[in-house]
Amino acid sequence: MKPAYKALHTDQELFAAAVTQAKVDVIMSMNSILSIVVNSGGSIEKFTPEAVKVNGGFYFRDRFEFRTKI
C-alpha cells in the first residue's frame, strides 16, 4: 500500500510546494514508531538550506519532516 503523503526533502520539492501553495504538515519523529504533527495544513512561506518557514514558524530541515498529501 502506498503512503497517502509525499515527504518533501529537496529544494525542488519544497519550491514546488511553496509555489503551488500546497498544504504541508510538519512532522517531528520521536522514535522509529512515534511521530508528532507539529504544524498541520500550512503553506511554505520561505525555505533555506537549514530551515523551512510554515505558518510563521521556522523548522530545521534536519530535525523535522515536511509532508504533503497526494
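The values are calculated or read from the model by the stated rules, or taken from the named source; none is laboratory data. Predicted, not measured: the structure shown is a model, and the values here were computed from it. Cβ sites come from the backbone with ideal geometry, for glycine too, and all protein chains shown count toward neighbours. Ligands, DNA and RNA are stripped out before the accessible areas are found, and what is left, the full protein with its side chains, is counted by its heavy atoms. Shrake-Rupley method; radii C 1.70, N 1.55, O 1.52, S 1.80 Å.
Data table
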| read-out | value |
| --- | --- |
| Of residues in segment 1-25 being aliphatic (A, V, I, L, M) and touching a Ser or Thr at 6+ places or on another chain (Cβ under 8 Å), the one nearest to residue 68 (Cα to Cα) | 24 |
| Filter pass, residue 31 being surrounded by 12 or more Cβ atoms within 10 Å (Cβ to Cβ) and among the polar types (S, T, N, Q) | no |
| Residue tally, condition part of a loop (DSSP other than H, G, I, E, B), closer than 20 Å to residue 51 by Cβ, hydrophobic (A, V, I, L, M, F, W, C) and open to solvent by 50 Å² or more (accessible area, probe 1.4 Å), over segment 1-28 | 0 |
| Residues within segment 34-60 that are open to solvent by 70 Å² or more (accessible area, probe 1.4 Å) and outside any strand (DSSP E or B), tallied | 4 |
